[in-house]
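Here, each number is a calculation from the coordinates, and none is a lab measurement. Computed from a predicted model, the values in this text were never measured in an experiment. We place every Cβ from the backbone using ideal geometry, glycine too, and count neighbours over all the protein chains shown.
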Amino acid sequence: MEYGCRDKVVVISGGTSGIGLAAARAFWRDGAIVSIVGRDSAKGMKALAAIAGCKDPEAAVFPGLPEGTDTLSAAEGLAGDGSGTRDSSVPGTTEELARLRYIRADVTKPADCRMAAAIAAYYGKDRIDILVNSAGMYQEKRIENISVADYNRIMDVNVKGTLLMIQACQPYMLPHGETETGAAEETGSAAEEMAVAGSAGPGTAQDRCIVNIASDAGIGGNYGCPVYCASKGAVVSLTKALALDFAPDIRVNCICPGDVDTPLLTAQLAAAKGGYTKEEMGDGYPLGRIAAAEEVAHVICSVASPANSFMTGAVVPVDGGLTAMG
Ligand SMILES: NC(=O)c1ccc[n+]([C@@H]2O[C@H](COP(=O)([O-])OP(=O)(O)OC[C@H]3O[C@@H](n4cnc5c(N)ncnc54)[C@H](OP(=O)(O)O)[C@@H]3O)[C@@H](O)[C@H]2O)c1
């Protein structure tokens, strides 16, 4: 699938797992320069291997993060096994692998967010074009059982983390006046041609985009997870407010997935201790199933695509018709 994101500099918080990882793979395959951000570097290494298309990401050979640094590109991580031999299961060229990078950072910490933005921008020639805020957590707890620590943990990651990443990345997202017609003319994909024809001009505001991942629970509420719902409602409101504040420089939109088959959902099922299954969750949807991460990733890339130059402040459900039921 082509989204017209060749050479775009993309930062994805939560890009080491689930929806964020699927979006990272789609952007990378589209030719973007992608940085994935998460706390757990082992998870980050496996994510690089999975995105790069290693036959067995679990077995991929990595040197780990070099001493004193918080970042590693897939080229550095996957290019050899320490003896200088290239891992033959890695399909990408060294150049392609160099467009894919892991950054270790905790989005609840302002300094980590600033560091992640600076590293991504450094490798993106001093700019960031697209920020996807997918780092998030879920907790099912009725209000009578919620502690202040529970509240702080969910709000910290889902709301403060989104805000801090935006604060850190925004300075690198303001237009620097560069033109991007060259790349569009060179590759001439349908999406790139539409982007050039449909935008107010190449390299302008409409090329810079933030995509926040909220939830159907942020629009319609849900049973048994009031703080999660509140956190995602806050992300919806933050999206609309920043779409106004950042116009016309940066588009800001928000995706609201229903249930998606990711490690987050696996953990949710485990915490419910057999109370319900994936299939039973799917039965509640007009489409009769829950989503795959790739289906949400496709919408993220479509919303971020420069071809989508007139959408800002939008809240987009990707929920198999769930919220349409009212
Ligand atoms: N799956 C669903 O059914 C569903 C439905 C609606 C909305 N969503 C939302 O979609 C987003 C992605 O969910 P997912 O299902 O893909 O979850 P996931 O598979 O559990 O991935 C979550 C990602 O967030 C990162 N993360 C968590 N806390 C972080 C922190 N403090 N700093 C940096 N990174 C952090 C994790 O990496 P580390 O652990 O290494 O930090 C991981 O990469 C979340 O915002 C979630 O609320 C999910």
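For the chain, what number results from the quotient of the Cα radius of gyration and 2.2 N^0.38 Å?
0.97
Using just the helices of the chain, give the 222 nm mean residue ellipticity in deg cm²/dmol: DSSP H runs with n ≥ 4 each add -39,500 (n - 2.57), and the total is spread over all residues, rounded to 500.
Dividing the helical sum by the residues of the chain leaves -12000 deg cm²/dmol.
List, in order, the whole-Hz ³J(HN,Hα) value for each residue of region 241-251 obtained from phi through the Karplus relation with A = 6.51, B = -1.76, C = 1.60 and θ = phi - 60°; use x for Gly and Pro.
So the J values, rounded to whole Hz, are 5, 6, 4, 6, 5, 8, 6, x, 7, 9, 7.
Between TYR276 and GLU58, what length comes free when the chain is fully extended (0.36 nm per residue of separation minus the Cα-Cα distance, one decimal in nm)?
75.6 nm
Run through the DSSP bridge list for the chain and note the antiparallel percent, rounded to the nearest 5.
Among the beta bridges of the chain, antiparallel pairing accounts for roughly 10 percent.
Can you tell me the order of 8-18, 266-276 when each peptide is scored by its average per-residue count of other Cβ atoms within 10 angstrom, highest first?
So the order, starting with the most tightly packed, is 8-18, 266-276.
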